[in-house]
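Take a look at the structure set out below.
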Amino acid sequence: MKGTVAIKDLSVTFDTPNGAVKAVSSVTMTVGAGKRAALLGESGCGKSVLALAMFNLLPRNAVVEGAITVDNVTVSDPGMAQSVRGTVLSICWSNAERFFNPVMTVGDQVVEAYAINHPGNRAGGRDKAFSLLENLGFDDPRQVFTSYPFQLSGGMNQRAMIAMSMINDPPVLVVDEPTRGLDDLNRKLVMEAVDSLDNVTLLLITHDVDCAIRISETASIMKEGAIIDSGLTGDILVMPSHPYTARLVESCPHHWNDRTRPLIATENTKHVPDGDPYDAT
């Protein structure tokens, strides 16, 4: 099976008028083919910057060091960007309604992603889109196919975005904050949709602890651009031993905890210190 992702010593620094800002710092991680990994952290920790680096979608003032490979092909090489997006690795963005064209039907946009890589076979794209939408839990895929984004709920748009990202059978899928801003019902439906995906290597980027526990096999915790904790999801999120991971879990409401207890805030530092601030050595 294809889809082994290797991120080696990845750093991303932004040149700004106020000086250099390091958003990702020496990140190294591997996701085996067909495996499911979660990357968790609070907002602003660098999760989505890492995802953008995978797709060469960072702004011009970004300086990228290190390498990202899929099956030993360096996808972080700018010259590879167009040839790998959507076919070797694909991404499902959060707040999907922001990424859909409001004057095109959802179905036309899903099929367009297929037609770019399969010229002259829009009919095949339509059949595959219907199948994906049905597998993602839509009772009436044809109605969703002919709807405009503004006619669908946030959760429905999110599931349709998953269909678009999977239309070309990429071996690697990055799912960026799939449950952000959704109510409980749509959050549940989107988690079920992501969980139903198979034959794909999945990198779930989220701050939703419940979502990570449900979907991923391994998890890495990011703080201020660096990975500070990693391991099996059940080990580090259900019974966290690292102090920051414990505080991150405690700061989130989830079903197995006492809902009467107060939520715990995580620290927020303006200046990123060198090394792990939780390292007691």
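The values are calculated or read from the model by the stated rules, or taken from the named source; none is laboratory data. As the structure is a prediction and not an experimental result, all values here were calculated from the model. Reconstructed Cβ throughout: ideal geometry from the backbone, glycine too, with neighbour counts over all protein chains shown.
The table that follows gives values for the structure above.
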quantity: Flag if M222 is over 23 Å from M1 (Cα atoms) and in contact with a Lys or Arg (Cβ under 7 Å, 6 or more places away or on another chain); calculated: yes
quantity: Residues that are touching a residue at least 40 places away in the same chain (Cβ under 8 Å) and either touching a His at 6+ places or on another chain (Cβ under 8 Å) or buried (at least 18 other Cβ atoms within 10 Å of the Cβ) (or both), drawn from the stretch 77-91; calculated: G86, V88, L89, S90, I91
quantity: The stretch 44-76: number of residues that are basic (K, R) and surrounded by fewer than 20 Cβ atoms within 10 Å (Cβ to Cβ); calculated: 1
quantity: Subset of the stretch 23-75 that is among the acidic types (D, E) and not in a strand (DSSP E or B) - its residue that is farthest from I227 (Cα to Cα); calculated: D71
quantity: Some residue of the stretch 223-231 being crowded, with 22+ Cβ neighbours inside 10 Å and polar (S, T, N, Q); calculated: no
quantity: Any hit, the stretch 182-200, residues being assigned to a strand (DSSP E or B) and either surrounded by fewer than 21 Cβ atoms within 10 Å (Cβ to Cβ) or at pLDDT below 95 (or both); calculated: no
quantity: R98 among the basic types (K, R), without any contact (Cβ under 8 Å) to a residue 24 or more places away in the chain and more than 30 Å from S196 (Cα to Cα); calculated: no
quantity: Sole residue being in contact with a Ser or Thr (Cβ under 8 Å, 6 or more places away or on another chain) and farther than 19 Å from M164 by Cβ, chosen from G79, G120, G66, G107; calculated: G66
quantity: Hey, A6 surrounded by 18 or more Cβ atoms within 10 Å (Cβ to Cβ) and not in a helix (DSSP H, G or I) or not; calculated: no
quantity: Identity of the residue in the stretch 92-133, in a helix (DSSP H, G or I) and of a type in the set (F, W, Y), that ends up surrounded by the fewest Cβ atoms within 10 Å (Cβ to Cβ); calculated: F130
quantity: Some residue of the stretch 238-250 being modelled with pLDDT of 90 or more, touching a strand residue (DSSP E or B) at 6+ places or on another chain (Cβ under 7 Å) and under 18 Å from V5 (Cβ atoms); calculated: no
quantity: Qualifying position, being under 21 Å from S131 (Cβ atoms), over 13 Å from the mean Cα position of the chain (by Cα) and free of Cβ contacts under 8 Å to residues at least 24 places away in the same chain, among D198, D184; calculated: D198
quantity: Answer residue from the stretch 15-28, given it is buried (at least 16 other Cβ atoms within 10 Å of the Cβ) and out of contact with any helix residue (DSSP H, G or I) (no Cβ under 9 Å at 6 or more places or on another chain) and is nearest to S196 (Cα to Cα) among those; calculated: S25
quantity: Filtered residues of the stretch 153-181 (kept if touching a Leu at 6+ places or on another chain (Cβ under 8 Å), in contact (Cβ under 8 Å) with a residue 60 or more places away in the chain and of a type outside the set (A, V, I, L, M, F, W, C)); calculated: Q158, S165, P170, P171, P178
quantity: Unmet requirement for A163, which otherwise passes all of (1) outside any loop (DSSP other than H, G, I, E, B); (2) surrounded by fewer than 23 Cβ atoms within 10 Å (Cβ to Cβ); calculated: (2)
